[in-house]
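Student: Please find one structure pasted underneath; my questions will follow.
The values are calculated or read from the model by the stated rules, or taken from the named source; none is laboratory data. Owing to the predicted nature of the structure, the values given are computational and were not obtained by experimental measurement. Every residue, glycine as well, gets a Cβ built from its backbone with ideal geometry; the counts of neighbours run over all protein chains shown.
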Amino acid sequence: MLQEIDGSHGEGGGQILRGAIALSAMTGKPTRIINIRSKRPNPGLQPQHIVSLKAAATICGAVAKGLEIGSTEVEFAPGRIVAGSYIFDIKTAGSITLVIQALLPILSFGERTSVVTIEGGTDVPWSPGIDYVRQVMIPGLSAFGVRAGVEVERRGHYPRGGGRVTLNVEGAESLLPHSAVKRGEVRCITGLSHCTNLPGHVARRQADAALEQLRECGFCEGKIDEEISQTQSGGPGSGILLLAEAGGTMHVAADALGAKGKRAEEVGREAANRLVNELRSGMAADRHMGDMAIIYMASATGISELGISSMTPHTETMIWLSEVFLGVKWESKTQGSGIAIKVNGAGLKRGGKK
């Protein structure tokens, strides 16, 4: 039976599209998605969405219809997930990390290890940066039995792109439940400040400003590494990720990107203030990890609970979507200034079995 999903539900953007395709491939349920990105200024599919869909279709041998720029309706009939080596090129500065979000849950149910190379944008607006994915998302998801790693060959910033990343995923028969509600005491704050095709002092100034802001807010200092690179394929760009280490696999983090006319000091302070706001909740995970973890928690065998700093529209959308595809029921309750979300996972196994 064809599962129809209204793409205008909740936040009404690309997240519901990627999530629906991933769940379709994982469960083997064919799906039709309508009203795709209807709430965006430029509705319908854009290049990075098409790459995600074509990549997912390739990996699971799906028959896909409607994969055209501006299309607001897609049909996706999945086959068997085939682990292997793949290369996908977005051909723009479209977000590599959003393609990873679409493919990682699918490949997690593969029969063996997969190696996927993706070209496009590594650090672009309105999507998680590649450092967040490799230092926060991937380690956090390991608690649910996801075995993956990310290597960055070169960065690619908006608007030119040119980045190249390799994702390695070891397939599993099923995923594990995990509970992490409150975080421990922050031991230190570490991070990575980077710049590409810019003077090296840009990365240093971002790091120095972030540390100064953290000190003013009463947080202990850590070490912020600097990465300075020059590439032929991409344009200039910079950014910084700050990560609070408090024990366990879950980390609370925040990042910020540079932009034309935006001083390096502003980038560093922006990331520091975002991290401080996340830490005030006292919860184990930040708001972005919330929506990223939903699909894995809902698929796992057993009860999982996660403390997040706030419930974002993306998180609400993924909760609804997982209930539609997997038949699970979520609970949420306020704890202090954060929220604890809980689910008894569907016990999904390789091949879409429960």
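Student: Do you know which residues across segment 196-236 are on the phi > 0 side of the Ramachandran plot and within 26 Å of the chain's Cα centre (by Cα)?
Tutor: Of everything in segment 196-236, just one residue is on the phi > 0 side of the Ramachandran plot and within 26 Å of the chain's Cα centre (by Cα), namely 197.
Student: Please work out which one of (1) touching a residue at least 60 places away in the same chain (Cβ under 8 Å); (2) within 30 Å of residue 342 (Cβ to Cβ) is the condition residue 205 fails and give its number.
Tutor: So the condition that residue 205 fails would be (2).
Student: Looking only at residues in segment 270-292 that are under 20 Å from residue 344 (Cβ atoms) and in contact with a strand residue (DSSP E or B) (Cβ under 6 Å, 6 or more places away or on another chain), which one is surrounded by the most Cβ atoms within 10 Å (Cβ to Cβ)?
Tutor: 284
Student: Among the residues in segment 124-134, are any part of a loop (DSSP other than H, G, I, E, B), surrounded by fewer than 20 Cβ atoms within 10 Å (Cβ to Cβ), modelled with pLDDT under 95 and not polar (S, T, N, Q)?
Tutor: yes
Student: Could you tell me whether any residue of segment 239-249 is of a type in the set (A, V, I, L, M), at negative phi and in contact with a Lys or Arg (Cβ under 7 Å, 6 or more places away or on another chain)?
Tutor: Yes, segment 239-249 contains at least one residue that is of a type in the set (A, V, I, L, M), at negative phi and in contact with a Lys or Arg (Cβ under 7 Å, 6 or more places away or on another chain).
Student: In this structure, is residue 134 under 30 Å from residue 349 (Cβ atoms) and over 15 Å from the mean Cα position of the chain (by Cα)?
Tutor: no
Student: Residues 308, 294: which one is under 20 Å from the mean Cα position of the chain (by Cα), outside the structural domain of residue 254 (by TED's automatic domain parsing) and within 24 Å of residue 185 (Cα to Cα)?
Tutor: Exactly one of 308, 294 is under 20 Å from the mean Cα position of the chain (by Cα), outside the structural domain of residue 254 (by TED's automatic domain parsing) and within 24 Å of residue 185 (Cα to Cα), namely 308.
Student: Answer yes if at least one residue in segment 173-182 is of a type in the set (Asp, Glu) and in a helix (DSSP H, G or I), and no otherwise.
Tutor: No; the residues of segment 173-182 include none that is of a type in the set (Asp, Glu) and in a helix (DSSP H, G or I).
Student: Going by what's in this entry, would residue 243 be described as crowded, with 21+ Cβ neighbours inside 10 Å, under 18 Å from residue 128 (Cβ atoms) and not aromatic (Phe, Trp, Tyr)?
Tutor: Considered against the rule, which asks whether it is crowded, with 21+ Cβ neighbours inside 10 Å, under 18 Å from residue 128 (Cβ atoms) and not aromatic (Phe, Trp, Tyr), residue 243 comes out as yes.
Student: Would you call residue 303 of a type outside the set (Asp, Glu), touching a strand residue (DSSP E or B) at 6+ places or on another chain (Cβ under 8 Å), modelled with pLDDT of 95 or more and closer than 28 Å to residue 131 by Cα?
Tutor: no
Student: Of the conditions (1) in contact (Cβ under 8 Å) with a residue 12 or more places away in the chain; (2) part of a helix (DSSP H, G or I), residue 215 clears all except one; give me its number.
Tutor: Of everything listed in (1) in contact (Cβ under 8 Å) with a residue 12 or more places away in the chain; (2) part of a helix (DSSP H, G or I), residue 215 misses just condition (1).
Student: A follow-up question, please. For residue 152, work out the one condition from (1) more than 15 Å from the chain's Cα centre (by Cα); (2) at positive phi it doesn't fulfil.
Tutor: That leaves (2) as the condition not met.
Student: I'm trying to understand the selection: among the residues of segment 251-263, which are of a type in the set (A, V, I, L, M, F, W, C) and surrounded by 24 or more Cβ atoms within 10 Å (Cβ to Cβ)?
Tutor: 252, 253, 254, 256
Student: Looking at 155, 147, which is the one that is of a type in the set (Lys, Arg), closer than 27 Å to residue 253 by Cα and buried (at least 22 other Cβ atoms within 10 Å of the Cβ)?
Tutor: Matching residue, one of 155, 147: 155.
Student: Filter segment 158-184 for residues that are out of contact with any Asp or Glu (no Cβ under 6 Å at 6 or more places or on another chain) and among the small types (Gly, Ala, Ser); which is surrounded by the fewest Cβ atoms within 10 Å (Cβ to Cβ)?
Tutor: Top of the filtered list is 184.
Student: Suppose the filter is farther than 26 Å from residue 123 by Cβ, surrounded by fewer than 20 Cβ atoms within 10 Å (Cβ to Cβ) and either aliphatic (A, V, I, L, M) or touching a strand residue (DSSP E or B) at 6+ places or on another chain (Cβ under 8 Å) (or both); does residue 342 pass it?
Tutor: Spelling it out, residue 342 is indeed farther than 26 Å from residue 123 by Cβ, surrounded by fewer than 20 Cβ atoms within 10 Å (Cβ to Cβ) and either aliphatic (A, V, I, L, M) or touching a strand residue (DSSP E or B) at 6+ places or on another chain (Cβ under 8 Å) (or both).
Student: How many residues are out of contact with any helix residue (DSSP H, G or I) (no Cβ under 7 Å at 6 or more places or on another chain) and in contact (Cβ under 8 Å) with a residue 60 or more places away in the chain when one looks only at segment 133-163?
Tutor: 14
Student: When only residues in segment 341-354 that are basic (Lys, Arg) and assigned to a loop (DSSP other than H, G, I, E, B) count, which is farthest from residue 79 (Cα to Cα)?
Tutor: Of everything passing the filter in segment 341-354, 354 is farthest from residue 79 (Cα to Cα).
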